[in-house]
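The values are calculated or read from the model by the stated rules, or taken from the named source; none is laboratory data. Predicted model, so just to flag it, every value in this text is computed and none were measured. We place every Cβ from the backbone using ideal geometry, glycine too, and count neighbours over all the protein chains shown. Side chains included, ligands, DNA and RNA excluded: accessible areas come from the protein's heavy atoms. Shrake-Rupley method; radii C 1.70, N 1.55, O 1.52, S 1.80 Å.
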Amino acid sequence: HIELKNKQHSYMDAFYQIKKYIGEGKFTGIFSAVQMFVISNGVDTKYFSAASDTELNPKFISGWLDENNNPVTDYIEFAKSVLRIPEAHEMIARYTVLDEDAKRLILLRPYQIHAIEAIREASKSGKSGFVWHTTGSGKTLTSYKATRNLLMDIPSVDKAIFLIDRKDLDTQTTMAFQAYANNDLIDVDDLKKKLKSDDRQVIVTTIQKLQRLITKRLKEDTPEYTKIKNLRVAYVVDECHRAVTPGTKRELERFFGNSLWFGFTGTPRFAENPYPQLGDLPRTTEELYGACLHKYTIQNAIHDNAVLGFQVEHNGPKNIEDETDSSAYENETHMLSVLDVILNKSYHKLGFQNGKGQTYEGLLTTSSIQMAQ
């Protein structure tokens, strides 16, 4: 459903018009199947998912971005990017998620969609890669949806495995994950059954269970060992540097010889911050997974209001030749000035959005520092 206003009005007038229509019960019959709303005044164009009038929230409104995170605001350009066929069909069929807890629809944001499409294109040519999406941008939801879409997009894939490390997931991420994927979690015995089955399916499991299966639950030279080992598997790894170490990944790659790997991370490893040297194991994200397929950094997220901004204050020795020289900072005067900033001057709001688009805010205070420690 598209609601248009002229340029003398805000696009939000269209939002409140839709809210009024829903409250009046206008969306009945065939119109009760509307899943996506588009609002525009010609120069500002946004979209959001259907909900009841009491649940419609301006925070869930999203603008469109192109693959390079440039805003697409003109209504004709928006239509060309989002509303032509098959893009409009894909938005409803591929990029909509049902949040079972909230009993509402979630429409993915543009950067999430571009990442999934980039994975699709890479997998078609047998290439792996990684997605760099900043913390708080809904990586878990994106990576889970990417896993599900791989089976629809790539007929040669036998199984799509979503790998997570549940021990390291924070509370908000775990809650968001459970809302749309909890029914897919399985134990080791179920994991073996699903891998042996002829059904093409998504499997959600942890790296620990997968390791236990291939090292302790499978006997070499048995039919089930051979069948599982020869599977064509696409792995999607949420928080890929926490969930899978370079050594573990190599172990799994050697067992599953026909595998593609797609890692999601908010903190990639580059040549400047590599893994510690361990033999000949890869040390950067690109060496581990392949090229960066899509990037959505903290700068992009702050610009889009996807996460809240924050204040950065540099407090260090001035006019020194090498700011990485730790000796310039290791003195009591500098340490006390840093503590003063942390304890007495850090008042700016911090915030992030979880995978549901919900915003959490807080103040950086002494107690929050203690909790972080």
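Limited to the stretch 269-307, what total is found for residues that are closer than 30 Å to Pro58 by Cα, in a strand (DSSP E or B) and either open to solvent by less than 70 Å² (accessible area, probe 1.4 Å) or aromatic (Phe, Trp, Tyr) (or both)? Write out each step before concluding.
To start, the set of residues in the stretch 269-307 that are closer than 30 Å to Pro58 by Cα comprises 294-307.
Adding the requirement that they be in a strand (DSSP E or B) leaves 294-296.
Checking which are either open to solvent by less than 70 Å² (accessible area, probe 1.4 Å) or aromatic (Phe, Trp, Tyr) (or both) leaves us with 294, 296.
So the count comes out to 2.
Just one of Arg94, Arg104 is of a type in the set (Lys, Arg), modelled with pLDDT under 95 and within 21 Å of Leu260 (Cβ to Cβ); which is it? Before the answer, list the steps.
Numbers: Arg104 fails: within 21 Å of Leu260 (Cβ to Cβ).
Only one candidate qualifies: Arg94.
Checking Gln112 against (1) without any contact (Cβ under 8 Å) to a residue 60 or more places away in the chain; (2) more than 13 Å from the chain's Cα centre (by Cα), only one condition comes out false. Which one?
Going through the list (1) without any contact (Cβ under 8 Å) to a residue 60 or more places away in the chain; (2) more than 13 Å from the chain's Cα centre (by Cα), Gln112 breaks only (2).
For Ser156, which of the numbered conditions (1) open to solvent by 10 Å² or more (accessible area, probe 1.4 Å); (2) at pLDDT below 95; (3) not in a loop (DSSP other than H, G, I, E, B) fails to hold?
(3)
Using beta carbons and a limit of 6 Å, which pairs, at least six apart or on different chains, have the first residue in the stretch 4-18 and open to solvent by less than 80 Å² (accessible area, probe 1.4 Å) and the second one part of a helix (DSSP H, G or I) and at pLDDT 95 or above?
Close Cβ pairs satisfying both conditions: Lys5/Asp13; Lys5/Ala14.
Please work out which residue is nearest to Ile161 (Cα to Cα), limiting yourself to the stretch 236-268 and to residues that are of a type in the set (Ser, Thr, Tyr) and either open to solvent by less than 10 Å² (accessible area, probe 1.4 Å) or in a strand (DSSP E or B) (or both). Spell out how you get there, then give the answer.
Taking the stretch 236-268 and keeping what is of a type in the set (Ser, Thr, Tyr), we get 245, 248, 259, 265, 267.
Retained after the next criterion (residues that are either open to solvent by less than 10 Å² (accessible area, probe 1.4 Å) or in a strand (DSSP E or B) (or both)): 259, 265.
On the way: Ser259: 10, Thr265: 17 Å.
It comes out as Ser259.
Every residue, every condition in (1) surrounded by fewer than 18 Cβ atoms within 10 Å (Cβ to Cβ); (2) modelled with pLDDT of 95 or more; (3) assigned to a helix (DSSP H, G or I); (4) under 21 Å from the mean Cα position of the chain (by Cα), yes or no:
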position: Lys20; (1), (2), (3), (4): yes, yes, yes, no
position: Ser32; (1), (2), (3), (4): yes, no, yes, no
position: Val38; (1), (2), (3), (4): no, yes, no, no
position: Val43; (1), (2), (3), (4): yes, yes, no, no
position: Lys46; (1), (2), (3), (4): no, yes, no, yes
position: Thr54; (1), (2), (3), (4): yes, no, no, no
position: Lys59; (1), (2), (3), (4): yes, no, yes, yes
position: Glu77; (1), (2), (3), (4): yes, yes, yes, no
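Which residue pairs have Cβ atoms under 9 Å apart, sit 6 or more places apart or on different chains, and have a first residue in the stretch 81-95 that is closer than 12 Å to Met36 by Cα and a second that is basic (Lys, Arg)?
Matching pairs, first to second residue: Tyr95/Lys145.
More than 18 Å from Ala243 (Cα to Cα), touching a Leu at 6+ places or on another chain (Cβ under 6 Å) and at pLDDT 85 or above, is that true of Asp221? Steps first, answer last, please.
Numbers: more than 18 Å from Ala243 (Cα to Cα): yes; touching a Leu at 6+ places or on another chain (Cβ under 6 Å): no; at pLDDT 85 or above: yes.
The answer is no for Asp221.
Specify the residue that is least open to solvent (accessible area, probe 1.4 Å); the eligible residues are those in the stretch 219-235 that are without any contact (Cβ under 8 Å) to a residue 60 or more places away in the chain and charged (D, E, K, R).
Start the filter on the stretch 219-235 by keeping residues that are without any contact (Cβ under 8 Å) to a residue 60 or more places away in the chain, which leaves 219-230.
Those still in the list that are charged (D, E, K, R) too: 219-221, 224, 227, 229.
Details: Lys219: 152, Glu220: 130, Asp221: 140, Glu224: 49, Lys227: 81, Lys229: 64 Å².
Among those that are without any contact (Cβ under 8 Å) to a residue 60 or more places away in the chain and charged (D, E, K, R), it is Glu224.
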